[in-house]
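The values are calculated or read from the model by the stated rules, or taken from the named source; none is laboratory data. It should be emphasised that the depicted structure is a prediction, and the values quoted were computed from it without experimental measurement. In this analysis, Cβ positions are derived from the backbone assuming ideal geometry, glycine residues included, and neighbour counts consider all displayed protein chains. SASA here: full protein model, heavy atoms, side chains in, ligands and nucleic acids out. Shrake-Rupley method; radii C 1.70, N 1.55, O 1.52, S 1.80 Å.
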Amino acid sequence: MSETSALAPPRAVEETAFAILFAVSFCHLLNDMMQALLPAIYPTLKATYHLSFTQIGLVTLAFQLTASLLQPAVGFYADKRPMPFSLPVGMVFTLAGLLLLSVAHSYMLILVSAAMIGLGSSVFHPESSRVARMASGGRHGLAQSLFQMGGSIGSALGPLTAAVIVLAYGQASVAWYSLVALLAIFVLWNVGVWYKTHGLKRIKSGHHLQKVNGFSQRKVAVSIAILLLLVFSKFFYLAGITSYYTFYLIHQFHTSVKSAQLHLFVFLAAVAVGTFAGGPLGDRFGRKYVIWFSILGALPFTLALPYANLLWTSVLSIAIGLILSSAFSAIVVFGQELVPGKVGMISGLFFGFSFGMGGIGAAALGWLADMTSITFVYHVCAFLPALGLFAAFLPNIETPRQRLARA
């Protein structure tokens with residue numbers, strides 16, 4: 001069996017359940033909006049509690065570590081024993097973390113609240129990614145992109161709502177976001193009902209179709225390692241944007257905090273658009289080529305960013321967001337097809353690793369900013385997309401003829 005045909009996905013045996021896809025995408029929006037609230041209020045926390053950039057980075061690290069370390073374990077366990085109602089239960093931890101953050105008056109409590117918000121994500125991402133694949137009807141790239149687009153929109157809305165609400169009413173107003181968490185719990189409970197009554201049947205009916213794998217274990221392991229390296233380059237760079245972009249704009253161009261947060265919103269909105277595009281493009285043209293273009297294609301723009309004025313910084317950040325964000329949907333589905341039958345574990349691995357790299361990146365870049373300057377950080381990060389060259393070593397999973405036949 002040839003490498004190009006070994007993993008050709010089967011035709012859809014079920015209709016795409018768009019209602020469920022939109023439900024999990026909407027909850028992903030709510031979940032990531034609440035997560036994005038944390039870095040969006042960093043300037044407020046830094047000024048109020050006199051935190052250094054290193055301490056800011058450690059807050060992100062506390063969140064990302066709990067969000068990353070448990071995700072592969074949750075996914076691995078759920079592959080063996082699916083947990084339809086784990087999604088609303090996980091959101092309860094996010095709710096508790098938000099309430100604690102609204103009343104936290106010490107650095108330690110801020111760290112604990114960040115960790116609790118991350119704990120909710122450790123359950124949400126692998127299980128909701130599994131639900132998206134269940135509901136895909138075989139259109140895996142489209143389903144993953146719809147799911148991830150919700151998260152990207154939520155990440156963009158976090159700074160925007162923080163600029164409107166938290167800056168106006170202070171840290172205590174974070175408690176208002178508990179209403180968002182309650183809405184997510186309600187929707188996810190209903191998703192859990194579908195998961196139990198219909199989703200599990202889809203898993204059983206399609207289980208035998210997911211076992212074909214013509215690659216050696218060494219080939220799969222090397223390919224997964226390359227994908228993780230590409231995730232590292234993407235999320236380490238994004239950590240520099242999401243955690244420190246507002247500080248960079250304030251330092252470099254003397255913008256107001258509100259203006260800087262609006263620029264961050266524009267960047268994250270571009271990320272949302274790019275996230276949606278990646279999956280369908282991967283279904284149509286091949287995930288390897290989308291991954292290659294997405295990582296390496298951002299390099300000219302990241303190299304130019306540190307030298308641009310405010311207008312061109314905004315323009316370049318939009319281009320970077322659009323291009324760089326299109327990779328992750330393709331990476332997740334590529335990994336799922338490399339290791340068939342382990343949807344939860346692979347989803348948890350990539351989501352968890354991305355969160356971990358974001359946390360480590362935020363802490364490391366915060367330390368580097370304290371030692372040098374925030375501008376120097378952006379000069380260093382500019383070269384990270386060059387790691388996209390390693391995508392050339394990924395195997396070709398599908399041929400154009402096979403993709404057209406499936407469509």
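The THR372 and ALA47 beta-carbon pair, evaluated with R₀ = 30 Å, returns a calculated FRET efficiency of approximately 0.85. Among THR246, THR44, THR275, which one shows the biggest mean-square fluctuation in a GNM of the chain, springs joining Cα atoms closer than 10 Å? Looking only at THR246, THR44, THR275, the largest GNM fluctuation is found for THR44. Rounded to the nearest 500, the 222 nm mean residue ellipticity of the chain from helices alone is -25000 deg cm²/dmol, with -39,500 (n - 2.57) taken per DSSP H run of at least 4 residues. Derived scalar couplings between HN and Hα for the range 99-108 equal 4, 5, 4, 5, 10, 5, 10, 9, 4, 5 Hz in order, rounded to whole Hz, by the Karplus curve 6.51 cos²θ - 1.76 cosθ + 1.60 (θ = phi - 60°), x for Gly and Pro. Using Cα springs under 10 Å in a Gaussian network model of the chain, which residue among SER129, SER52, SER325 shows the largest mean-square fluctuation? Between SER129, SER52, SER325, it is SER52 that shows the largest mean-square fluctuation. Most mobile of VAL92, VAL332, VAL231 per a Gaussian network model of the chain (Cα springs, under 10 Å)? Fluctuation is largest for VAL92.
Subtracting the Cα-Cα distance of TRP176 and THR197 from their residue separation scaled by 0.36 nm leaves 4.2 nm.
Counting protein heavy atoms only, the chain has 73 percent of its accessible area on carbon and sulfur, 1.4 angstrom probe. Anisotropy class assigned to the chain is oblate, per the alpha carbon gyration tensor with a/c at or over the 1.5 cut-off and a/b no larger than b/c. With unit charges on the beta carbons (Lys and Arg positive, Asp and Glu negative) and the dipole taken about the Cα centre of the chain, which residue among SER106, LEU296, PRO39 sits farthest to the positive side? The listed residue farthest towards the positive side: LEU296. FRET efficiency for the pair TYR107 and ARG218, taken as 1/(1 + (r/R0)^6) with r the Cβ-Cβ distance and R0 = 45 Å, rounds to 0.45. For the cross-link pairs LYS201/LYS288; LYS80/LYS234; LYS80/LYS219; LYS234/LYS258; LYS80/LYS201; LYS80/LYS288, the ones whose C-alpha atoms lie over 19 Å apart are LYS201/LYS288; LYS80/LYS234; LYS80/LYS219; LYS234/LYS258; LYS80/LYS288.
Computed extension gain for ARG284 through TYR77, at 0.36 nm per residue and net of the alpha carbon distance, reaches 71.3 nm.
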